[in-house]
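**Student:** Here it is, the structure in full.
The values are calculated or read from the model by the stated rules, or taken from the named source; none is laboratory data. Model, not experiment: these values are computed from the prediction. Cβ sites come from the backbone with ideal geometry, for glycine too, and all protein chains shown count toward neighbours. The accessibility values were calculated without ligands, DNA or RNA, using every heavy atom of the protein model including side chains. Shrake-Rupley method; radii C 1.70, N 1.55, O 1.52, S 1.80 Å.
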Amino acid sequence: LQSSLTKWVQTAGAQTLIKNGDPTKITGAGPSTVGKRSLFEKPVRLTSDTSSRTPLQDLYGTITPSDLHYERHHAGVPVIDPDKYELLIHGMVGKPMVFKLSDLKRFPSVTRTCFLECSGNFRTSKETMTPQEICGLTSQSEWTGVMLSTLFREVGVEPKATWFLAEGSDAALLTRSIPVKKGWDDAMIVYAQNGEAIRPEQGYPARLLLPGWEGNTNVKWIRRVELSDQPFMTREETSKYTYPVKDKIRQFSFEMDARSIITYPAYPNQLERGWVEIRGIAWSGRGKIIKVEVSTDAGKSWNATNLQEPVLDKAHTYFRHLWQWRGDETEILSRAIDETNYIQPTLRQLIEARGISASGYHMNPITAWQIKRDGKVLFKPESFK
Amino acid sequence: LQSSLTKWVQTAGAQTLIKNGDPTKITGAGPSTVGKRSLFEKPVRLTSDTSSRTPLQDLYGTITPSDLHYERHHAGVPVIDPDKYELLIHGMVGKPMVFKLSDLKRFPSVTRTCFLECSGNFRTSKETMTPQEICGLTSQSEWTGVMLSTLFREVGVEPKATWFLAEGSDAALLTRSIPVKKGWDDAMIVYAQNGEAIRPEQGYPARLLLPGWEGNTNVKWIRRVELSDQPFMTREETSKYTYPVKDKIRQFSFEMDARSIITYPAYPNQLERGWVEIRGIAWSGRGKIIKVEVSTDAGKSWNATNLQEPVLDKAHTYFRHLWQWRGDETEILSRAIDETNYIQPTLRQLIEARGISASGYHMNPITAWQIKRDGKVLFKPESFK
Amino acid sequence: ITADTSKWPSTFSFGKVATEQQIDSVAIAILPNGTGLPPGLGTPKEGNVIYITKCASCHGANGKAAAGEKLPAPELASDSISKIKTIGNYWPYATTIFDYVRRAMPYNAPGSLTNNEVYSITAYLLSANNIIKPDMVINAHNLYKINMPARKLFIPDDRRGGPEVR
Amino acid sequence: ITADTSKWPSTFSFGKVATEQQIDSVAIAILPNGTGLPPGLGTPKEGNVIYITKCASCHGANGKAAAGEKLPAPELASDSISKIKTIGNYWPYATTIFDYVRRAMPYNAPGSLTNNEVYSITAYLLSANNIIKPDMVINAHNLYKINMPARKLFIPDDRRGGPEVR
Ligand code: HEC
Ligand code: HEC
Ligand SMILES: [Ca+2]
Ligand SMILES: [Ca+2]
Ligand SMILES: [Ca+2]
Ligand SMILES: [Ca+2]
Ligand SMILES: [Ca+2]
Ligand SMILES: [Ca+2]
Ligand SMILES: [Co+2]
Ligand SMILES: [Co+2]
């Protein structure tokens, strides 16, 4: 007889497709081993051959669902058997060592929330661009793993070691040279993301996490760390992830400068007259956000916004500002200010500082949204070449 | 020719099933609109007809992936069209009102992280029980929504209103009576979970969130709030979610008292000699966790553990304690202490306080794990009737 | 989690004032003082007939499991020696039966009963638990007055917070 | 994010000491001073042959796109009027070519080239960019000495933190 209830419940399961029934009159589907999104919600990353962008305009709060975390790969997503996985640490160390994934998990662990951002996270072209298109190469997760310093201590990093190479086990064997100082400071080898094993696209079974530093340096699928007294000058830190600044080329530009974007209202929202809570995210690779200001008069005046607590170091910080829209045409903008007192610049300020040959790397300009009289919200593209 | 790269990338996509290839030699799959777990990771909820349990032993940190959040339904999961959804607030109010989902989203919003726990979250029977089986009816999310107080303000709750009824739009039309004070304090109507729309099993498109209070009161799929000067004495607050305490039946027992569980090492882990980081979660419905103590000698002595920052109000707090296991048989235990100085009790203390007819509701005893000489870790069941 | 509401407008003007009709179509909750009970009536006898057709398959012939039987749903009636919590020995308010059955039962067809059917089933369950006489007519004027044996056992949460285990 | 390590043991003894063989099988990185370059050699001429077979389909006939052509992969050679960043006008170290091609190219068969093939392709790409003469033999002793035109342009991050926009 127990099974008769089970049967009712299972029959009910088939009814999840009934979208138009009165839900109070139809027994719903029973519990499941793994949940699914509502049939009415379909947030998706916007993909290219080598990247995908987080749908910032569809999100609330500070966590990016792991399956919507942005991607940037240089040879796709490798399939790695966690039982075969090994991390080698060698070079200028007292004792070169190999750690299996289970070894890494035994060390004292740490959990921290921080953002990742591709340093190429900047697009500007047409008015009909969403936050995802403009700025979707940033996401945030709660990461868990071992401090790299704990492993440095275990292998005995030599004092003369000033750089280390981090190498991925993807088909690009992607490599970056990182100052050892960052390794002692807050670098981690992380194996978990938002509570569970790190996702394949974010480096399963383990990645380097360098809080606040450009995405590419946070080497995914990390298999090797080689300590050295100089950088290796890999392709990713010479041909790529460098940028012209006046008559020079800036290299090893690690920290992501403070930035923010209004995610609501934004294209393609349709604004209604009355009270509007302007919402968005702000972040800085140099520490905490201390202030986000919003202008609702095209930059003439600026208002402090509410920052959602807890405000964390090097983390997406949610900001909100209450505004009454009376139907006038205007522009709304946000600017982030971090604990180093850096104020998110305009595109003009960036070009002034770097020259007209400035590339798309490390561009963090203020994003403006145009509010049209009919409530249409459009991106305000700015020519940058 | 652009398409030739696309072709390579797509061909590579088919190779994700190649588990045994050298990942550094095979171009991986390209980016995707929605990510998936690694083929090697299959965390699942443990289901019954009416509930499912979070695999606590598989998780790290403080966020529960939304698709692994515990479930407890009284008539399954309804399918609700967000465009048809409405929340009615009426009864002892100045102005009864109906809010569409889009209305709720326009109000000033708040994001907060807190745990949910079914007040029936307690099992003890055999030695081969995992944290999930013992204590898997608790999970944690970052929630976003509107403070119920904001809506109370909008409808003008009358001073004489002391209780409100919360009613779900599932097939149980589940109802609970809640003191209005909680509504003014920290209650929310939430529509987002871990960054995205709330999941169907957690109340899509909107649920009541009563931080720290028994899961059942956090009415999912909420469609109606009725203000009153007395409780409604619904079935869920009389026949269920009440429990014998000596010769009386305790009703409206809302707050979840402080609790903790060691999730590593736990059954079915196999312990290795040497240094072990004991890990687990602790939480309290009455505020912040201020301390978690661990005993590695079967309760004779207790050690303070490290609490992972940030420690949040009414939230799962991750604790860690470094311990050297030399191969001796012992028992390891954890106890949570919250900001009200409540110390998580033993089962014996609970039975003493409540009498032998104590039921499974609101049971938060210390959980002990037996460590066997061969490294086996087994639950220590305690008879409670 | 407290907002500075000092700069908020007195109203945001989101949402709409609810019409009486909108409220009436969903506001079905019943208070223990009988407020909300609809017109109509029922008897244990009529309730018994409905119960056998629509409820017994899950809750047992008389709201009880036969010896050795495992029901898919809770038992609803108890005799004096039963330890199982039922309406007779555990439910503090008779109004709860009406309210719950009308909103949630039968499990496979919730909301399908007429008010008279619910009155009858409520009368039947009260009678099966020896709380009312088998010929009593139940309606909006007497249901809430029925004295439930378990009522006196219920106390509001007597935990006091702080260090005490209670 | 700083742990109190004062109570930590001097070693946790997790993991294993790496053997020389384990290290050698993966430690393929090359420093700009030539450390790590393997034995072997190559010439632009041989490199050209390999390039045509294994690289040209993605990177263009001579590392350049024909007029109006859109390549699926970056151009690798530039003439003096080109604004496109290539090895010739943007890469600061010749060792990077060897290192990158050996680990990552061809895109569809990474790690498939012999060291001699990589030397030859490196020589070919240097020659196609007019950095070395078309008959130069490239090996571990001279690759790192090659003077790259862009080298002088590179500076380490000169942002200084704080309020300055730079
Ligand atoms: C298909 C199975 C099924 C049928 C038919 C059914 N019920 Fe139920 N009933 C259940 C289940 C399952 C529960 C427990 C629901 C829960 O706990 O949320 C329940 C609970 C109840 C309860 C609450 C019991 C308690 O102790 O709290 C009552 C009263 C009840 N049913 C009355 C009825 C009546 C009256 C009918 C017929 C009109 C009926 N049921 C028909 C399955 C059924
Ligand atoms: C199937 C297509 C394909 C083939 C074949 C191919 N490549 Fe590539 N190559 C690429 C792509 C795509 C990139 C860009 C990768 C990235 O940005 O991560 C690239 C990048 C490069 C770069 C770096 C360019 C820069 O500006 O940073 C070099 C050098 C290179 N390839 C050399 C070669 C050589 C030498 C061969 C043959 C042995 C080869 N490639 C074969 C697709 C290909
Ligand atoms: Ca494309
Ligand atoms: Ca395995
Ligand atoms: Ca079952
Ligand atoms: Ca819709
Ligand atoms: Ca209380
Ligand atoms: Ca720097
Ligand atoms: Co990047
Ligand atoms: Co519950």
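**Student:** Identify, by number, the condition in (1) within 14 Å of chain B (Cβ to nearest Cβ); (2) farther than 22 Å from D:Lys133 by Cβ that D:Ile30 doesn't meet.
**Tutor:** Only one criterion in (1) within 14 Å of chain B (Cβ to nearest Cβ); (2) farther than 22 Å from D:Lys133 by Cβ is unmet by D:Ile30, namely (1).
**Student:** Quickly run through segment D:137-166 and pick out the residues that are in a loop (DSSP other than H, G, I, E, B) and either in contact with a Cys (Cβ under 6 Å, 6 or more places away or on another chain) or open to solvent by 60 Å² or more (accessible area, probe 1.4 Å) (or both).
**Tutor:** Going residue by residue through segment D:137-166, those that are in a loop (DSSP other than H, G, I, E, B) are D:137, D:140-142, D:146-148, D:157-166.
Listed by number, the residues that qualify are D:Val137, D:His141, D:Asn147, D:Arg160, D:Pro163, D:Glu164, D:Arg166.
**Student:** Could you run through segment B:204-239 and say how many residues are on the phi < 0 side of the Ramachandran plot, part of a loop (DSSP other than H, G, I, E, B) and of a type in the set (A, V, I, L, M, F, W, C)? Lay out the reasoning, then the answer.
**Tutor:** Initial filter on segment B:204-239 (on the phi < 0 side of the Ramachandran plot): B:204-211, B:213-220, B:222-232, B:234-239.
Now narrow it down to the ones that are part of a loop (DSSP other than H, G, I, E, B): B:204-206, B:210-211, B:214, B:218-220, B:229-232, B:234, B:238-239.
Now narrow it down to the ones that are of a type in the set (A, V, I, L, M, F, W, C): B:206, B:210, B:219, B:232.
Qualifying residue count for the region: 4.
**Student:** Kindly check whether there is at least one residue in segment A:68-82 that is buried (at least 24 other Cβ atoms within 10 Å of the Cβ), assigned to a strand (DSSP E or B), assigned by TED's automatic domain parsing to the domain that holds A:Glu236 and within 16 Å of ligand 9 (Cβ to nearest atom).
**Tutor:** Yes, some residue in segment A:68-82 is buried (at least 24 other Cβ atoms within 10 Å of the Cβ), assigned to a strand (DSSP E or B), assigned by TED's automatic domain parsing to the domain that holds A:Glu236 and within 16 Å of ligand 9 (Cβ to nearest atom).
**Student:** Next question. Just give me the residues in segment A:226-250 being open to solvent by 10 Å² or more (accessible area, probe 1.4 Å) and within 14 Å of ligand 8 (Cβ to nearest atom), in sequence order.
**Tutor:** Hits for segment A:226-250 are A:Pro231, A:Val245.
Yes or no, residue by residue, for (1) within 12 Å of chain C (Cβ to nearest Cβ); (2) within 24 Å of the chain's Cα centre (by Cα):
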site	(1), (2)
B:Thr330	no, no
B:Leu333	no, yes
B:Gln344	yes, yes
B:Leu347	yes, yes
B:Ile351	yes, no
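Condition check ((1) more than 11 Å from chain D (Cβ to nearest Cβ); (2) modelled with pLDDT of 95 or more; (3) more than 27 Å from A:Trp143 (Cα to Cα); (4) out of contact with any Asp or Glu (no Cβ under 6 Å at 6 or more places or on another chain)) across all residues:
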site: A:Ile222; (1), (2), (3), (4): yes, yes, no, yes
site: A:Glu226; (1), (2), (3), (4): no, yes, no, yes
site: A:Met233; (1), (2), (3), (4): no, yes, yes, yes
site: A:Phe252; (1), (2), (3), (4): no, yes, no, no
site: A:Glu255; (1), (2), (3), (4): no, yes, no, yes
site: A:Arg259; (1), (2), (3), (4): yes, yes, no, yes
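**Student:** I've got another one for you. Quick one: which residue in D:Leu41, D:Leu76 is open to solvent by 20 Å² or more (accessible area, probe 1.4 Å) and touching a strand residue (DSSP E or B) at 6+ places or on another chain (Cβ under 6 Å)? Before you say what the answer is, go through the steps one by one.
**Tutor:** Working: D:Leu76 fails: touching a strand residue (DSSP E or B) at 6+ places or on another chain (Cβ under 6 Å).
Exactly one of D:Leu41, D:Leu76 is open to solvent by 20 Å² or more (accessible area, probe 1.4 Å) and touching a strand residue (DSSP E or B) at 6+ places or on another chain (Cβ under 6 Å), namely D:Leu41.
**Student:** Right, something else. Given C:Ile131, C:Ile81, C:Ile87, which one is closer than 29 Å to B:Val245 by Cβ and modelled with pLDDT under 95? Give the steps one after another, and end with the answer.
**Tutor:** Working: C:Ile131 fails: modelled with pLDDT under 95; C:Ile87 fails: modelled with pLDDT under 95.
Exactly one residue qualifies, and that residue is C:Ile81.
**Student:** Restricting the first residue to segment A:76-92 and requiring it to be charged (D, E, K, R), which pairs with a second residue that is more than 16 Å from ligand 7 (Cβ to nearest atom) and in a strand (DSSP E or B) meet a Cβ separation below 6 Å and a spacing of at least six or different chains?
**Tutor:** A:Glu86/A:Val98; A:Glu86/A:Lys100
**Student:** Six or more apart or on different chains, Cβ atoms under 6 Å: show the pairs whose first residue is in segment D:109-120 and over 8 Å from D:Gly42 (Cα atoms) and whose second is part of a helix (DSSP H, G or I).
**Tutor:** D:Pro110/D:Ala104
**Student:** Of the conditions (1) part of a strand (DSSP E or B); (2) open to solvent by less than 40 Å² (accessible area, probe 1.4 Å); (3) of a type outside the set (Lys, Arg), B:Gln324 fails just one. Which one is it?
**Tutor:** The one condition B:Gln324 does not meet is (2).
**Student:** Would you mention how many residues in segment D:44-90 are more than 19 Å from D:Ala150 (Cα to Cα) and aromatic (Phe, Trp, Tyr)?
**Tutor:** 1
**Student:** Give the number of residues within segment A:49-67 that are within 7 Å of chain B (Cβ to nearest Cβ), under 15 Å from A:Leu116 (Cα atoms) and over 10 Å from the mean Cα position of the chain (by Cα).
**Tutor:** Looking only at that region, the number is 6.
**Student:** On the basis of being within 30 Å of A:Ser48 (Cα to Cα) and among the hydrophobic types (A, V, I, L, M, F, W, C), does B:Ile80 make the cut? Talk me through it step by step, then tell me what you get.
**Tutor:** Numbers: within 30 Å of A:Ser48 (Cα to Cα): no; among the hydrophobic types (A, V, I, L, M, F, W, C): yes.
Answer is no for this residue.
**Student:** Could I ask something else about it? Within segment B:198-225, track down each residue that is over 18 Å from B:Thr64 (Cβ atoms), open to solvent by less than 10 Å² (accessible area, probe 1.4 Å) and among the charged types (D, E, K, R).
**Tutor:** B:Arg224
Residue by residue, here is whether (1) in a helix (DSSP H, G or I); (2) of a type in the set (Gly, Ala, Ser); (3) without any contact (Cβ under 8 Å) to a residue 40 or more places away in the chain; (4) over 20 Å from D:Phe12 (Cβ atoms) holds:
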| position | (1), (2), (3), (4) |
| --- | --- |
| B:Ile249 | no, no, yes, yes |
| B:Ser253 | no, yes, no, yes |
| B:Tyr267 | no, no, no, yes |
| B:Asp297 | no, no, yes, yes |
| B:Ser334 | no, yes, no, yes |
| B:Ile337 | no, no, no, yes |
| B:Leu350 | yes, no, yes, yes |
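**Student:** Give the residues of segment B:1-47 that are facing another protein chain (nearest Cβ under 7 Å), more than 25 Å from A:Arg223 (Cβ to Cβ) and modelled with pLDDT of 95 or more, sorted by residue number.
**Tutor:** B:Thr33, B:Val34, B:Val44, B:Arg45, B:Thr47
**Student:** Working only within segment B:356-379, note down all residues that are at pLDDT 95 or above and over 23 Å from B:Ser284 (Cα atoms).
**Tutor:** B:Gln370, B:Ile371, B:Lys372, B:Arg373, B:Asp374, B:Gly375, B:Lys376, B:Val377, B:Leu378
**Student:** For segment B:269-281, state whether one or more residues are open to solvent by 10 Å² or more (accessible area, probe 1.4 Å), part of a loop (DSSP other than H, G, I, E, B) and over 30 Å from D:Lys7 (Cβ atoms).
**Tutor:** no
**Student:** Identify all residues within segment A:68-99 that are more than 10 Å from chain B (Cβ to nearest Cβ), in contact with a Gly (Cβ under 8 Å, 6 or more places away or on another chain) and within 28 Å of A:Ser139 (Cβ to Cβ); write none if there are none.
**Tutor:** Scanning segment A:68-99 gives a single hit, A:Phe99.
**Student:** Cβ-Cβ under 8 Å, sequence separation 6+ or interchain: first residue in segment C:50-61 and small (Gly, Ala, Ser), partner open to solvent by less than 80 Å² (accessible area, probe 1.4 Å) and more than 16 Å from ligand 2 (Cβ to nearest atom). Which pairs?
**Tutor:** Close Cβ pairs satisfying both conditions: C:Ser57/A:Ser4; C:Gly60/C:Ala66; C:Gly60/C:Glu69; C:Gly60/C:Leu71; C:Gly60/C:Glu75; C:Gly60/C:Leu76.
**Student:** Does segment D:98-107 contain any residue that is open to solvent by less than 10 Å² (accessible area, probe 1.4 Å), more than 7 Å from every other protein chain (Cβ to nearest Cβ) and touching a residue at least 60 places away in the same chain (Cβ under 8 Å)?
**Tutor:** yes
**Student:** Which number in (1) away from ligand 9 (no atom under 13 Å from the Cβ); (2) away from chain D (no Cβ under 12 Å) marks the one condition that A:Gly215 misses?
**Tutor:** Just one mismatch for A:Gly215, condition (1).
**Student:** Restricting to segment C:44-73, give me the number of residues that are surrounded by fewer than 16 Cβ atoms within 10 Å (Cβ to Cβ) and within 16 Å of ligand 5 (Cβ to nearest atom).
**Tutor:** 1
**Student:** If A:Arg348 passes every condition in (1) of a type in the set (Lys, Arg); (2) within 30 Å of A:His74 (Cα to Cα); (3) more than 16 Å from ligand 9 (Cβ to nearest atom) but one, which one does it miss?
**Tutor:** (2)
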